[in-house]
1. Step by step: find N for the range 124-277, compute 2.2 N^0.38 Å, then divide the Cα radius of gyration by it. What's the final number?
2. Once you list every other residue whose beta carbon is under 14 Å from the beta carbon of Gly224, what net charge do they have if Lys and Arg are +1 and Asp and Glu are -1?
3. In nm, to one decimal, how far is the modelled label at Glu80 from the one at Val151, with both set 7 Å along Cα→Cβ?
4. Over its Cα atoms, what ratio of radius of gyration to 2.2 N^0.38 Å does the range 214-288 give?
5. Determine the sum of side-chain charges near Thr244: Lys and Arg each +1, Asp and Glu each -1, restricted to other residues whose C-beta is under 13 angstrom from that of Thr244.
6. Any number yet on Rg/Rh for the range 119-174, C-alpha, Kirkwood?
7. Using alpha carbon centroids, what distance separates the range 184-199 and the range 213-244, in Å?
8. Tally Lys/Arg at +1 and Asp/Glu at -1 over every other residue whose Cβ is under 10 Å from the Cβ of Tyr260; what's the total?
Amino acid sequence: MARSTQKEIRQRAPVLLIVLLAVNLGLMTWDARDAVTKQRMIRVWAQAVASPFQRGVTGAGGAGLGFFQRLGNLWRASGENEGLRQRLAEVENELRDARQARDENERLKKLLGFKEGAGYGVIPAVVIARDPSVWFNSVHINRGTMSGVDVNMPVATPEGIVGRVVAVGPVSAQVMLLTDERAAAGAVVGQLGGSNAIGSVRGYGKNGLLEMRYVSGLEPVNLGDYVVTTGQDGIYPPGLNVGTVVQKTEGSATTPHTIYVKPGARLDSLEEVAVLQYRPPPRTAPERTLPNVDKGKAK
């Protein structure tokens with residue numbers, strides 16, 4: 001037993017020696033320190049081995065964090081862009097409203113100027129509906145009998161006559177436009193009182209033009225001449241603009257001119273108009289003179 005034991009000890013001795021050396025080396029390594037940093041060498045070696053893995057993990061983490069940061073920035077930018085778009089739409093609406101108010105004020109100023117220059121009352125009105133026909137032969141306005149509007153009152157804008165009232169209610173009225181074939185107005189080409197090219201204009205039914213009839217073929221008429229009312233129709237006051245001559249077929253001594261007039265008022269885009277409280281002066285019959293009778297000769 002003693003020999004067997006010694007033999008086993010001799011066999012294990014190298015292993016034990018190696019273990020002791022390894023333990024001693026481990027203790028020495030654990031206790032060894034860097035001469036400069038005074039850190040344990042095992043820590044330095046561990047950091048050197050783990051450094052590549054740390055860089056990979058740090059890079060992946062940084063990339064992931066950067067991705068989520070960029071995603072958050074895009075989300076915030078999208079929200080800011082949506083807010084800017086909404087604000088831009090609000091500013092555009094405000095600008096459009098301001099422009100509409102400015103245009104309406106300009107038109108009202110023109111109507112007020114027209115009222116100051118007229119010798120009769122003027123009722124400003126707004127077009128609230130149009131005839132559904134192709135040529136918009138009538139419109140409806142937001143003034144009626146409660147505002148002093150009556151049938152056959154003329155309607156105009158500062159640019160020219162529009163038509164006349166043909167139906168009226170308490171708060172609205174219907175206006176027949178000059179372009180209606182049933183409408184007519186006494187007119188003259190050129191200056192009122194200085195021209196004999198007198199006739200009447202009526203709706204032509206085509207191209208939004210007016211046809212002027214009964215102008216003598218001997219009277220000079222040129223393209224671009226302006227046409228004004230004469231007041232002889234008993235509806236429109238004299239001297240209001242009707243439009244300008246745009247087409248003409250020359251007449252003769254026995255044939256009147258064929259004249260087409262473009263209205264001065266923009267009848268296809270009316271917004272504000274003026275109802276003229278105009279009534280033509282009553283016509284008085286001419287006095288009849290009786291022949292003188294010599295009573296002395298009468299028997």
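1. The reported ratio for this selection is 1.03.
2. Overall, the nearby charge balance is +1.
3. For the pair Glu80/Val151, the computed spacing is 6.9 nm.
4. 1.41
5. Net of charged neighbours comes to 0.
6. 0.95
7. Distance between centres, Cα-based: 3 Å.
8. Taking every other residue near Tyr260 into account, the sum is +2.
Laboratory data are not the source of any read-out in this text; all were calculated from the coordinates shown. Keep in mind that what you see is a predicted model, and the values were worked out from it rather than measured. Using ideal geometry, Cβ is built from the backbone for each residue, glycine included, and neighbour counts are taken over all protein chains shown.
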